[in-house]
Structure formats: structure tokens, C-alpha cells
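The values are calculated or read from the model by the stated rules, or taken from the named source; none is laboratory data. Worth saying up front: this structure is predicted, and the values here are computed from it rather than measured. No Cβ is skipped: glycine too gets one built from the backbone with ideal geometry, and neighbour counts run over all protein chains shown. Surface accessibility is based on the protein's heavy atoms, side chains included, excluding ligands, DNA and RNA. Shrake-Rupley method; radii C 1.70, N 1.55, O 1.52, S 1.80 Å.
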Amino acid sequence: MIRPSRAAPVQVAATSFLALFAIVGIALYGLPFFYDFMVRDFGWSRAQVTSGNAISKLLVGPLFGFLAGWLVDRFGPRRLMVAGILMAGVALAGLGSIHTLAGFYVFYLFNALGYVCGGPLPNQVLLSRWFTRARGRAMGFAYLGIGIGGALVPFLALWLTRALGWQGALRALGALIVIVAMPLTLFVKESPAPDALAAHAAPAALAAPEFGPVLRNPVFYLLLAGSMCSIAAVGGTNQHLKLLLSLDHGYSQGAAAQIASLVLASSLIGRLGMGWLADRLPKKYVMLLIYGLVASAIPLLFVSGTRGAIYLFAVVFGLGLGGEYMVIPLIAAELFGVGVLGRAMGVVVTADGVAEALAPVLVGRMRDATGSYDTGFLTLIVFALSGAMAVLLLPRPVLTPCPLSSSPPGPLSVPERGDVVSSPLPKGEGVRG
């Protein structure tokens, strides 16, 4: 048996870190920073500036979400990630060049495609193939890229806006996405299979597991509902945060950037902490903790004009946000197996895209109609609590499925020779044969 290099898992983790840094940290969390400029310069409403995300997710999610999951399971994540990185870069560069709503929607479509093809979905599968026992910690490390990218992008966007104007800043961020994420992605190994066998054995093995039993399992729909409700609460809050601070409460661009950065900086602690907990406690309870943090943070926005309250919100919401995107693939892999994880997460990402698309527009319409965010924030709290109820009904898995296998889960035991054995990244332990 060929011994996989110890450097390979490190490269995998670094590849996912940089891809998530660029596509989620910069593109997803960076774009809302520019919404208030669009409202002021183009005269668009809050519902309109959040509808780009909504329309693109509603079109891209149902059409490409499950397809992307199938492609990842069948052909591996690397090629899909390359396409996603390019589309995300084009999206931001294009959004920095438009002056009409039509152009806004076109390039937001590219942004949504970039997220589906290069964001969490393929990276979750890539990491799950390489790591087993320390999957939560590996996922937590890679997802630090989201937190670091999201924490840096408000200040980077502010500096670039002062130097280049807000549209020039968007174009520069689009170029940065490709420069940061592309090099390692081009050369990452998609699975720990030996190079000579990877082109043939891995695709054949990945194509074997059937997905029908997952779709017939009621537990899958509880997980789906919990994820959708939580994503709706998180997305609706995040998309309106700078609009609330800048336009409603008169925060300066610098102050708003500080608060947005604090949210994502706090998410770094959340990602590491929730990943560590997910390797030691039932993931169901880790999910409940995350959803509880999100639900308890949103009420603080009712008094967001008070500096102390908004900073407390940023910390609590950031802690929940840190684990929110990470914990779903962990429990999905535990419940259904890594062999169908791409397709399972393809469905979840598609449904989450719908929730993340509709919630901000719903909140925006409520704000435009009533002149207040109160009703919208109450709705987001209901979403978060509903997600927690769905998670509460999930069973507690007692067995862990073998990686890349369609066979029933086996007990936690010594792995077969050639299996990937994960270990905490800080200790530098890699793969053993």
C-alpha cells in the first residue's frame, strides 16, 4: 500500500481555507458592505438591493444545487471549485461596473454560481474524504477562512473604497478572490487514493452509493428544515446589518466596518470551538447551542442604537455564525455517510439558498412598508427557534459511517489499512497506511 504523504492533508485543509476565505468570506460577507452605496447612488430600495441575492439563489439553487452535489460525488470537487472561483471573481468585478438593476442581477447570478460550485459544498466533501476522527476540527480550521475573510473584508473594502471608489473596490476584490483561491485549488488531490488509482478507482467507488434511501428517510427532512430555518435567520440578519447601522442609526462607514468585522472575528472562536465540541459531544447538541446563540443575539438588534448592545450582538451572533455553516455537513456525514454527502449537501445547499434568498427580501419589504425593522427581526427570531425545534427532534447517531462507503455504518474501531486517519491539525498528524 502506498503511504500518502503527510503534507497532503495539510494542503487539503489549506486549499479549503483559502477557497472559503475568498468565496464566502470576501464575496458573500463583503457584498452587503456596498448595499448602502447602491441605495444612495442609484436610488434603489432595501428590498431591491437584497433581491439580487434572492433572485440569483432562487434561480441557481434549484437548477444547479443538486447537480453540483452529483458532480462532486461523481467527478470530485476540484474542477467544480476552479469554476466556482472564476465565477465569483467575475461576479464582483462585474458588480463594480454596473449602473442598472439588470446588470446587478446578471452578475449576482455569477456570484451565486460561484458560491454553489466553489463554496462550502465541494469543500465539505473534500475535507470529509480526507479526515475522519478529527473531521470537526479539520472543518473548523478550514472554516476559519470564512471568519478571517469576513473580518478583514470590511476594513479592506473601506480602504479600497477610499482609494478607488466603491465600484473600483468591488473590481479589486474580484481580482483578489482569484489570486488567493486559485493556485492551491489547481493542484489539490481530491481523495487519499494513490495517484495511479485515483483516476479510475475513486470515481467508480464514489458512484456506487444510492441516494434514494436518504431521500426516503424522515430524518433527512428534519435536518433540512433545521438548516433552512437557521440559514434564513442568519442571512436575513447579515444582509441588513450595515443598512440598519449606516442608514437607520447613522453609524459612520468606519464604525459599521468595525461592527461587521467583530461579527466575523467572533465567528473565528465559534468555528474553532464548535469544531472542537463536535468531535467530543453529540453533534445534535452542538447544533442546538449554535441555533440558540443565533436566536438570542437577534433581540439585541431592537436596541442597536446603543453601542453596548450592538457590540454584544456582534459577539454572540458571531459565535453562532461561526458554527452555523460547519455543523450541518458534519452531522449529515454522520447520519448518511460520506459516499452520498455531495448529493445530500446539494439538496441542503439548494434549500438553504431558497431560505437565504427569501428571508432578506422579506425583512426588506417589512422595513420598507413599516419604516421599522421590528417586525422583520421578530420573524427572524421565529425562524431561529423553529430551526432549533427541528434539530431537537433529530436522533442521536451512535455509529460512524466509513468514508466513501455505501455500506451501513460500522462502530468506531481501528480503520482498515489505507483508510484516512485524521488527527488534530495543530499536532500535524496526517495519514497512515
Take each of the peptides 293-304, 103-114, average the number of other beta-carbon atoms within 10 Å over its residues, and list them starting from the highest. 103-114, 293-304
If each K or R counts +1 and each D or E counts -1, the residues other than V340 whose Cβ falls under 10 Å of its Cβ total -1
Length released on extending from F75 to N217, taking residue separation times 0.36 nm less the Cα-Cα span: 48.6 nm
For region 80-97, Karplus-derived ³J(HN,Hα) couplings (6.51, -1.76, 1.60; θ = phi - 60°; whole Hz; x for glycine and proline) come out as 5, 5, 4, 4, x, 4, 4, 5, 5, x, 4, 4, 5, 4, x, 5, x, 10
H249: accessible area at probe 1.4 Å, nearest 10 Å²? 80 Å²
Give, as a single signed number, the net charge of other residues whose beta carbon lies under 12 Å from the beta carbon of V234, with Lys and Arg counted +1 and Asp and Glu -1. -3
Starting with the highest mean, order 251-262, 228-239 by the number of other Cβ atoms within 10 Å, averaged over the residues of each peptide. 228-239, 251-262
If packing is taken as the average number of other Cβ atoms within 10 Å across a peptide's residues, how do 352-360, 306-314 rank, most packed first? 352-360, 306-314
